[in-house]
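Taking it in order: structure first as C-alpha cells, then the write-up.
The values are calculated or read from the model by the stated rules, or taken from the named source; none is laboratory data. Predicted, not measured: the structure shown is a model, and the values here were computed from it. Virtual Cβ from ideal backbone geometry, glycine too; neighbours counted across all protein chains shown.
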Amino acid sequence: MPYATIEDMPSIGFGLWKIPEADTADAVFEAIKVGYRHFDSACDYGNEVAVGRGIQRALDAGLCERSDLWITSKLWNTYHHPDHVPAALERTLTDLGLDYIDLYLIHFPIALAYVPFEKRYPPEWIHDPDEAQPVMVKAKVPLFETWRAMEQVKAAGKVTHIGVCNYNSGLLHDLMNYASETPALLQIESHPYLTQTRLVAMAKAYGLAVTAFSPLGSLSYVELEMAEPEESLLENEIMIAVAEQHQVSPAQIALAWALQRGTSVVVKSSNPARMRQNLASTEIRLSESEMSAISALNQDRRYNDPGHFCEQAFNTLHPIYD
Ligand code: A2P
C-alpha cells in the first residue's frame, strides 16, 4: 500500500538535483542502502531514467519494497497547459519505471511555451537554444488551469498527493481559493539564512506540509556561481558553536533546526558518510534558545531566485518574488 497521508512522508528526503546522470543510479542505490526512503526527483533534473534504475536495483536486491519508498517528482514549466500535464506525468512514470508516484508538484509558478518530448527532454528554460539570442518564451496558462489538471491526474490514481513548489504567499492564498483538492505540500527554499517564517506559518495554517530545499544553504549554488564560498552557513560561528555543543556537524544542526520547526527537508550528498550523517539528524534535540539563535541568523538570502538566474543565464527578466 502507498503511504496514506502526507504526515507519513519520511522527514529527510534525498535530493536528486544536479546529480550527474552517470552517477545517479549508484547514488540512489547507495542512499536506499543507508536508509533513505524518500527521494526528491523532477523531470528537469534530467536523471529520472537513472533514478528508476537505482530504485529497481534496490528492489531487486531486496533492500525495500516499492511501498516503503516515497517518490516525489515535479511538473516542468513547459507542460503547464492542461493538455500536457497527463503526458508529462506519464513520461516521468515511464522514466522512473513506476506505476505511481507519491507526490507530484508544480515545479515553478512559471508557464513556459510547450516543447514536444521529441524535440528536447527535459526542455529546460530556454525555448530554442539554437537561436542567436536564446530566451525563455512564456505561455499564457493561468496556474488555476494547471492545478485543475493536477487534480485530475490525482483522481486518475497515478499520484497519491499533489502540491506546489516555489509559490509565494500571494500565489498560495489564491490557490487556496480555487483548489478543490487541497494541496498536500509546499516545497520552498529554506535554511537559517532564509527562514521564510511567515510563509511557512501560513502554509501550515492552510493545512499544507512544508518541505525545505537547500536546507544547508549556499553549498549547491557555489558551483553555479550563484553564491560565494565565504557565505557558507556551515562556517557560521553560531552553527559551529551549536554543533560543538551537540558533538555533531553544522550540517546536522541545520537539518535538525529545519525538522524541529516542523518542515521536512530534501538534501543531497554523493558521499555515503554524509548521507548517513544527514539521516541521523533526526536524533538531535535543540533547546529553545538554540532554535532561536539559529532562526535569528535570517538574512532573507535567497539563492534560487528566477528573478536573478533567468536574467543572468537565460536573457529573460522573470521575477516571481518582489
Ligand atoms: P556532497 O555531495 O559532496 O556531500 P543540496 O543543497 O542541493 O541538497 O546540496 C547539498 C550540498 O551540501 C552538496 O554539495 C553536498 O555535497 C553537501 N553536503 C551534503 N551533506 C553534507 C554534510 N553533512 N556536510 C557537509 N556538506 C554536505
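When region 64-81 is examined, which residues are found to be crowded, with 16+ Cβ neighbours inside 10 Å and not in a helix (DSSP H, G or I)?
Cys64, Leu69, Trp70, Ile71, Thr72, Ser73, Lys74, Leu75, Trp76, His80, His81
If Leu216 satisfies every condition in (1) in contact (Cβ under 8 Å) with a residue 40 or more places away in the chain; (2) within 30 Å of His84 (Cα to Cα); (3) surrounded by 16 or more Cβ atoms within 10 Å (Cβ to Cβ) but one, which is the exception?
Leu216 satisfies all of (1) in contact (Cβ under 8 Å) with a residue 40 or more places away in the chain; (2) within 30 Å of His84 (Cα to Cα); (3) surrounded by 16 or more Cβ atoms within 10 Å (Cβ to Cβ) except (2).
So, in region 207-218, how many residues would count as being assigned to a loop (DSSP other than H, G, I, E, B) and near the ligand (Cβ under 8 Å from one of its atoms)?
Residues in region 207-218 being assigned to a loop (DSSP other than H, G, I, E, B) and near the ligand (Cβ under 8 Å from one of its atoms): 4 in total.
If you check Thr160, Thr94, which single one turns out to be at pLDDT 95 or above, under 21 Å from Glu21 (Cβ atoms) and surrounded by fewer than 22 Cβ atoms within 10 Å (Cβ to Cβ)?
Only one candidate passes the filter, namely Thr94.
Filter region 1-33 down to the residues that are β-branched (Val, Ile, Thr) and buried (at least 18 other Cβ atoms within 10 Å of the Cβ), then identify the one that is farthest from Lys204 (Cα to Cα).
Ranking the candidates gives Thr24 first.
Taking region 35-60, which residues are part of a helix (DSSP H, G or I) and within 12 Å of the ligand (Cβ to nearest atom)?
Within region 35-60, just Tyr45 meets the criteria.
Could you please let me know if Ile188 is out of contact with any His (no Cβ under 7 Å at 6 or more places or on another chain), surrounded by 14 or more Cβ atoms within 10 Å (Cβ to Cβ), among the hydrophobic types (A, V, I, L, M, F, W, C) and within 23 Å of Arg37 (Cβ to Cβ)?
yes
Quick one: which residue in Ala293, Ala209 is more than 22 Å from the chain's Cα centre (by Cα) and among the aliphatic types (A, V, I, L, M)?
The conditions single out Ala293.
Please enumerate the residues belonging to region 20-34 that are within 12 Å of the ligand (Cβ to nearest atom) and farther than 10 Å from Val51 by Cα.
Pro20, Glu30, Ala31, listed by residue number.
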